[in-house]
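Take a look at the structure below.
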Amino acid sequence: MDTKNRPFGKMLTAMVTPMLEDGELDYDGAARLATYLVDEQHNDGLIISGTTGESPTTSDDEKDRLLRTVVEAVGDRAQIVAGVGTNDTRHSVRLAKAAEKAGAHGLLAVTPYYNKPPQEGLIRHFTEIADTTDLPVMLYDIPHRTGTPIASETLVRLAEHPRIVANKDAKDNVGASSWVMERTDLAYYCGTDILNLPLLSVGAAGFVSVVGHIVGSDLKDMIDAFEAGEVGQALAIHRRLTPVYTGMFRTQGVITTKAVLNLFGLPSGPVRTPLADASSELQALLREDLAAAGVKGPIGLAPHQAVPASAVRVERLTEGSV
């Protein structure tokens, strides 16, 4: 692994947080899902307690136990990055310290949401988090959720910090991303799945994906093909996966991801309110999306049916398969 340009590897999935029917966290399920994502979907790393992990509705104690569970399960063979971003700097600092103690390999810090800080406030916020531990930090720029973009000039200033080493880019502005990559050593990880290949073309290091739960291996193949100069092959993978990219974001990504994992018999469970579980109609559409992309698995199992992750394979249909 190129530790300078890829501090967290090529392919990471922002992991959902499996839950039991009563809404409590399923820690055994989290260990099994993490194992599946690393060993079967070939993820180099996992984001734990990001937005896809329902971090807004899990407690600090739940986050800590969840992180320790995943580190124990796969921390010897994958980069485990803890989501510690909140809209309260002091709270984020506490989470960062706890994540370091729990064995995280890095931190993910999202732009403070709702309170819409000025750019100078963002610099202070991210700097305090980065100063708190010895762990490398990945920023998370997603203005359509947070209400505040990290300005390109601000990213250049933040990149001067020795522990701010990466950016999960969900700004969806390839031109702006290219501008920052030309001026810094920040490792850019695409945070919008449909833009994975376009961002690679201007220098991204890899992906932090949602659809990586089910096609992570394909996404890693796309990176490898692109870097080997097989651009046509990378484009073919991108186009084949388009139904997955679009289908998985028919609604909030946690909802669709948990629905698909449940259909596949993988650890998932329900979502917590204010989210709402996928309707039967949405589940039917997701089945169609996966079929259009040639993705198959043990679809049809009852939701939450206990199936060991080691027994599940999500494969691509070959031509002529039924």
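The values are calculated or read from the model by the stated rules, or taken from the named source; none is laboratory data. Everything numeric in this text was worked out from a predicted model, so none of it was measured. Quick reminder, even Gly has a Cβ in these numbers, built from the backbone with ideal geometry, and neighbours come from all protein chains shown. All accessible areas refer to the heavy atoms of the entire protein, side chains included, with ligands and DNA or RNA removed. Shrake-Rupley method; radii C 1.70, N 1.55, O 1.52, S 1.80 Å.
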Rg(Cα)/(2.2 N^0.38 Å) for the range 89-181, N = residue count: 1.03
Folded to 0 to 90 degrees: helix 212-227 orientation relative to the chain principal axis, Cα: 70
Label-to-label distance, nm, for residues given as R183 and E230 (7 Å Cα→Cβ offset): 3.7
C-alpha long axis of helix 27-39 to longest principal axis of the chain, angle in °: 90
Net charge over other residues, Cβ less than 11 angstrom from the Cβ of Y114 (K, R count +1; D, E count -1): +1
Fraction in percent of alpha-carbon pairs per bin - 20 Å, the chain: 35, 60, 6
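If the limit is 25 Å between Cα atoms, which of K63/K220; K101/K168; K97/K171; K63/K168; K168/K258 go over it? Working shown, then result.
Working: K63/K220 28 Å; K101/K168 23 Å; K97/K171 28 Å; K63/K168 20 Å; K168/K258 22 Å.
Pairs exceeding the cut-off: K63/K220; K97/K171.
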Rounded to 10°, Cα long-axis angle of helix 89-102 versus longest principal axis of the chain: 60
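Given charges of +1 on the Cβ of Lys and Arg and -1 on the Cβ of Asp and Glu, with all other atoms neutral, how large is the dipole of the range 11-230 about its Cα centre, in debye to the nearest 20? Show your work: numbers first, answer last.
Values: 18 positive and 34 negative charges, 152 e Å.
About 720 debye.
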Trypsin sites (Lys or Arg not before Pro) lying in DSSP loop within the range 33-93, provided at most 16 other Cβ fall within 10 Å: R77
Exposure ranking of F249, F264 by accessible area [1.4 Å probe, largest first]: F249, F264
